[in-house]
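These notes concern the structure reproduced below.
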Amino acid sequence: MTASLLTAGIATAHLLGLFAAMHAVMHMRTPQGAVGWTLGLLLLPYVTLLPYLYLGSSRFLGYHAGHRAPAAPALSTTADAAAPVDPGCERYAAISALQRRPFRSGHRLRLLIDGAAAFEAMLGAMADARHSLLVQFFIIHDDALGRRLQQVLLERAAAGVRVCVLFDGIGSHALPQHYVETLRTGGVAIHRFATRRWRNRFQLNFRNHRKILVVDGTRGFVGGLNAGDEYLGLKPPLAPWRDTQLELAGPAVADLQQLFADDWQWITGTALPLCPVPPADGHASALVVACGPADPQETGSLFFAAAINAARQRVWLSTPYFVPDNAVRAALQLAVLRGVDVRVLIPSRPDHRTVFLASTLHAYAAVRAGIRVFRYQPGFLHQKALLIDRDTAAIGSLNLDSRSFRLNFEVAALAVDHAFTAEVAAMFNADFARAKAIDEREYREAPYLRRVAMHVARLFDPLL
């Protein structure tokens, strides 16, 4: 009896593995992923069926069904009345078409370097809110900074401000329920971003990595910072924490509102009223860039590839995780061949060892292709910044890895403005002054087993 049950169980596992393998062949984004899953599901279904249930989907299903129509004219007339966009925006027409929204002119931009300056500005802006406060973080911690955030949100809700908060269920897995309930009791509408619908129910890969703050529809913030003490550099061994945030005022704030509203409607099923945007009074042209696993294209990768291909003088980028896909790697190599000054700034300290090992191998390949790679020395580098030539810069939440390209919901602001780009270039130069250039010896002189570990880690690129 026991033998027959065991035989039946093995046969069932192989049958389910066969069906799952057929699903993998049909739906994996890459041939490598399809081959890997198919072999595992056919040969070792008892080992791979459960991981495939949680990690195998390559699309976040149903999200676009909740998307609202493009922003109403009332939200964009100010942009129409503003001065024409910078002529330099024309070479990013592909990115604009990918986003299905135009560059807008008339923005004021402020670069916020590191956590103390960024949170002073963001918490101060929140405290000034009079009508609406939209707050979204990948991670919220119940620590000193998290409680400062909580207090500001409660004060604004008590003052009659509509306060809406989103946090990612996986990124904020350690957030205690009493933190959330305290906010709800105080009148704050707060929700965990989760897959929610049955088609995505078991998927752990999809995360909302966006960091968005919009105050009264007039001021918006994007960047790499989450709400936790480590982002202020208060938690060794990664301290001091190096990060960057961008404050913008102008028509593109309407697009940040809309992104938040899309996520809000997906989770709550209700539409979120949007504040009108005041007249534009700045000089910078900007485009909000959003990407995620619900997009029909691989928007994150295409954004980086298009921006790099537009460069003629320099491409400087900063990322904590350097795991480029083939398209971005090719764009960087072609830029070098065009004579472009290509530099990549990455951490010298790991926060995720598997990603760090894979990044080290990619850095070795980049150096061999003529790309200059630097390791930031003082602490952990979490900054996500991109500099193109002398007029374009982007700040946001996108890392240079497959997770940001394909698995996370992300957001950045792409700005075309000489003055702002000069500020970002000065920031980069200060970072490079605190960094060490690496060469091929970093890989070649590493112990053999460490090099093997790098190559094993690279096998997991699609999940990193």
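Every read-out reported here was derived from the displayed coordinates using simple, explicitly stated rules and does not represent laboratory data. Keep in mind it's a predicted model, so treat the numbers as computed, not measured. Using ideal geometry, Cβ is built from the backbone for each residue, glycine included, and neighbour counts are taken over all protein chains shown.
In summary, the helical segments of the chain meeting the span-like criteria, namely a full DSSP H run, a Cα extent along the axis of 27 angstrom or more and a mean Kyte-Doolittle hydropathy of at least -0.5, are 2-27.
Contact order normalised by length for the chain, with contacts defined as Cα pairs under 8 Å and 6 or more residues apart; what percent is it? Don't skip to the end; give the middle numbers.
On the way: 944 pairs, mean separation 79.3, N = 464.
The normalised contact order for the chain reaches 17 percent.
Between the amide H of ARG314 and those of ASP341, ASP389, distances stay under 5 Å, these residues lying 5 or more places away or on another chain, with hydrogens modeled in the peptide plane.
From the helices alone, meaning DSSP H stretches of at least four residues, give me the mean residue ellipticity at 222 nm for the chain, per-run term -39500 (n - 2.57), in deg cm²/dmol to the nearest 500. Please list the in-between numbers first.
Numbers: 15 runs with 186 residues, N = 464.
After summing the helix terms and dividing by the residues of the chain, the value is -12500 deg cm²/dmol.
Taking amide H atoms as placed 1.01 Å from N in the peptide plane, the amide H of ARG349 lies under 5 Å from those of LEU381, each 5 or more residues away in sequence or on another chain.
Per-peptide packing, taken as the mean over residues of other Cβ atoms within 10 Å, places 381-390, 137-146, 349-358 in the sequence 381-390, 137-146, 349-358 from highest down.
In summary, the lysines within cross-link reach of LYS436, defined as a Cα separation below 27 angstrom excluding same-chain residues under 8 places away, comprise LYS235, LYS384.
Given the peptides 234-241, 101-108, arrange them by the average over their residues of other C-beta atoms within 10 Å, most packed first. Please list the in-between numbers first.
Working: 234-241: 14.8, 101-108: 22.6.
Top of the packing list down: 101-108, 234-241.
Rounded to the nearest 5, what % of DSSP beta bridges with both residues in the chain are antiparallel? The answer is about 60 percent antiparallel. Per-residue 3J(HN,Hα) values for the range 435-440, derived from phi via the Karplus relation 6.51 cos²θ - 1.76 cosθ + 1.60 with θ = phi - 60°, read 10, 10, 5, 9, 10, 5 Hz in sequence order (x marks Gly and Pro). In this rough spin-label picture, where each label sits 7 Å from Cα along the Cβ direction, the PHE460-HIS418 distance is 4.8 nm. What shape does the range 299-463 take by its C-alpha gyration tensor, where a ≥ b ≥ c are the square roots of the eigenvalues and a/c under 1.5 counts as rounded, a/b above b/c as prolate, and the rest as oblate? Prolate, since a/c reaches 1.5 and a/b exceeds b/c. Relative contact order, whole percent, for the range 299-463 stands at 27, derived from Cα pairs under 8 Å and 6 or more residues apart.
Distance between the modelled labels on ALA144 and GLN297, one decimal in nanometres: 4.6 nm (7 Å Cα→Cβ projection).
Evaluate the relative contact order of the range 98-223 (contact order divided by residue number), counting alpha-carbon pairs under 8 angstrom at least 6 apart; express in whole percent.
Values: 162 pairs, mean separation 37.6, N = 126.
Worked out over the range 98-223, it gives 30 percent.
Packing, taken as the mean count of other beta carbons within 10 Å per residue, orders the peptides 365-378, 436-449, 312-325, 159-172 from highest to lowest as 312-325, 159-172, 365-378, 436-449. Taking other C-beta atoms within 10 angstrom as a stand-in for reagent exposure, THR360, THR268 fall in the order THR268, THR360, fewest first.
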